[in-house]
Amino acid sequence: MLSEKDMPTAWYNILSDLPGQMPPPINPATGKPVEAKDLLPIFPMGLIQQEVSTEKWIEIPQEILNVYKLWRPTPLVRAYELEKYLKTPARIYYKNESVSPAGSHKPNTAVAQAYYNKIEGVKRLTTETGAGQWGSALAFACNIFDLKCTIYMVKVSYHQKPFRRSLMYVWGADVYPSPTNITNAGRKILEKDPDSPGSLGIAISEAVEDAATHSDTKYSLGSVLNHVLLHQTIVGLETKKQLELVGEKPDVLIGCVGGGSNFGGFVIPFVPDKLTGKINTKFLAVEPTACPSLTKGLYLYDFGDTAGLTPFLKMYTLGHNFIPPKIHAGGLRYHGDAPILCYLVYKKIVDAVAYPQKAVFDAAVTFARTEGILPAPETAHAIKAAIDEAIRCRETKEEKCIVFNFSGHGFFDISAYDLYFEDKLEDFEYPDEEIKKTLEEIKKLPVNQEV
């Protein structure tokens, strides 16, 4: 445990230390790099400035720190019982972000985004959510700063995760199953497929359209963009301090990846040490085989949403029209990933691996039976990778230090665990031929032809 006085008071900005220059977001209308004025219809200027800043450290306002203190600093825990069960010489640690009011890492950026919108006079925030971790976090933050909150929840998760939806209602948010009949983007999707299960890309389109068409409203994003990963670096900064306290240097750092916020925030503060040779840590991003953007996607410019309302982002993508299968890790069903994370993968600084659903739930149950906490299905992907790394250490007799981000608890995912024990969970591995079809569409975008 860190004391409250040891909590970081500034976020770390990786843009100041990246090797080379990351490809900029492109305005589809002009074909040129995005300017601040292009983003003003959906973001407040305070967050736009953070999005493009190259300052190494950005001070955390006291009003945000005061809210963080409700649950931060979070514990770094040695998984002794898991180690014993695996009979591994490895030392396994996990950073427990599930202790936040919303049960995940998401409030680290939700609170920050709500604050910057509040001080600029915004009255309402719109957003998307998959499994509901982000939606509940933003509802919590909006409640604190007296903002209205409208959430477009991916339809399949809306029905799979009713208790996360209930949590959003408790904190005063309005929640709709996406695609909806409320927006033009939603109506177009429903015209083509009335039974669409939805996707994060579709829900983003609806939330962005809603924000852009109401003058008192801005859009809030739970992952992908630079300012979101910036806010999440408080996780990795605390972890660095905690590992130093126990005299450890991490050999492997692991996190699950949907859009990249929890993995990015956890790993990014360690990247400069790897680039300068102070550590030789393996950074391992873990995704589902049902939505394998890092492991099977291509590094191209693509829209961040399905309707094409966002700027083009250079990222590993499966195509913005890709609709992932209905896996229970709803937060990992996104066609692309954070540009910062993708750039680190492209530069071979970060490795990636994908796992099927059943193996992930096997790992989740093993963790719950040894360490006592039920993981969210998203978090269980990181646990699966950590277990595999520990088993390799057992075989090679290496005493590695393995650290993963326990990004959220699974107490609202009990129905998924019921299906697991009833042997009703499906494994999805998207056919390569289907992925190639959606990628061919993206290759034809003018911005990729020019690049």
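Here's a check for you: in the range 132-158, which residue that is buried (at least 24 other Cβ atoms within 10 Å of the Cβ) and in contact with a Cys (Cβ under 8 Å, 6 or more places away or on another chain) is farthest from Pro107 (Cα to Cα)?
Cys149
Please work out if Ala352 is of a type in the set (Gly, Ala, Ser), at negative phi and free of Cβ contacts under 8 Å to residues at least 60 places away in the same chain.
Taking the combined requirement at face value, the residue does not satisfy it.
When you check Lys118 against the structure, is it of a type in the set (D, E, K, R), in the same structural domain as Gly172 (by TED's automatic domain parsing) and in a helix (DSSP H, G or I), yes or no?
yes
Any idea how many residues of the range 251-265 are crowded, with 24+ Cβ neighbours inside 10 Å and more than 11 Å from the chain's Cα centre (by Cα)?
Within the range 251-265, residues that are crowded, with 24+ Cβ neighbours inside 10 Å and more than 11 Å from the chain's Cα centre (by Cα) number 2.
Condition first: of a type in the set (Lys, Arg) and over 19 Å from Val67 (Cα atoms). Now tell me which residues in the range 115-134 satisfy that.
Lys123, Arg124
Could you list, in sequence order, all residues of the range 125-153 that are more than 14 Å from the chain's Cα centre (by Cα), farther than 12 Å from Tyr219 by Cα and aromatic (Phe, Trp, Tyr)?
Answer for the range 125-153, where residues must be more than 14 Å from the chain's Cα centre (by Cα), farther than 12 Å from Tyr219 by Cα and aromatic (Phe, Trp, Tyr): Phe140, Phe145.
Need pairs with beta-carbon distance below 8 Å; first residue at positive phi and within the range 150-177, second in a helix (DSSP H, G or I) and of a type in the set (S, T, N, Q); sequence gap 6+ or separate chains.
From residues that are at positive phi, the pairs are Gly172/Asn143.
Condition first: out of contact with any Ser or Thr (no Cβ under 6 Å at 6 or more places or on another chain) and either within 14 Å of Gly186 (Cα to Cα) or not assigned by TED's automatic domain parsing to the domain that holds Leu439 (or both). Now tell me which residues in the range 301-322 satisfy that.
Gly308 - this is the single residue of the range 301-322 that is out of contact with any Ser or Thr (no Cβ under 6 Å at 6 or more places or on another chain) and either within 14 Å of Gly186 (Cα to Cα) or not assigned by TED's automatic domain parsing to the domain that holds Leu439 (or both).
Starting from the range 84-107, take each residue that is without any contact (Cβ under 8 Å) to a residue 60 or more places away in the chain and list its partners that are surrounded by fewer than 19 Cβ atoms within 10 Å (Cβ to Cβ) and aliphatic (A, V, I, L, M), counting only C-beta distances under 8 angstrom and pairs at least six apart or across chains.
These pairs meet every condition: Ser100/Leu70; Pro101/Leu70.
Pick from Leu70, Leu76: which is among the aliphatic types (A, V, I, L, M), free of Cβ contacts under 8 Å to residues at least 60 places away in the same chain and farther than 28 Å from Glu209 by Cβ?
Only one candidate qualifies: Leu70.
Among Asp432, Asp427, Asp362, which is the only one that is at pLDDT 95 or above, more than 18 Å from Leu200 (Cβ to Cβ) and either surrounded by fewer than 15 Cβ atoms within 10 Å (Cβ to Cβ) or out of contact with any Cys (no Cβ under 9 Å at 6 or more places or on another chain) (or both)?
Asp362
Considering only the range 275-293, how many residues are out of contact with any Cys (no Cβ under 6 Å at 6 or more places or on another chain), buried (at least 18 other Cβ atoms within 10 Å of the Cβ) and outside any loop (DSSP other than H, G, I, E, B)?
So the count comes out to 6.
Residue-wise test of (1) in a helix (DSSP H, G or I); (2) modelled with pLDDT under 95; (3) in contact with a Lys or Arg (Cβ under 7 Å, 6 or more places away or on another chain); (4) of a type in the set (A, V, I, L, M, F, W, C).
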position	(1), (2), (3), (4)
Ser98	yes, no, no, no
Pro101	no, no, no, no
Leu125	no, no, yes, yes
Leu138	yes, no, no, yes
Val156	yes, yes, yes, yes
Tyr169	yes, no, no, no
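So that you can scan it fast, the table gives a plain yes or no per residue for (1) out of contact with any Leu (no Cβ under 8 Å at 6 or more places or on another chain); (2) surrounded by fewer than 22 Cβ atoms within 10 Å (Cβ to Cβ); (3) part of a helix (DSSP H, G or I):
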| residue | (1), (2), (3) |
| --- | --- |
| Leu190 | yes, yes, yes |
| Ile204 | no, no, yes |
| Ala207 | yes, no, yes |
| Leu230 | yes, no, yes |
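The values are calculated or read from the model by the stated rules, or taken from the named source; none is laboratory data. Not measured: the values here are computed from a predicted model. Cβ: placed from backbone, ideal geometry, glycine included. Neighbour counts: every protein chain shown.
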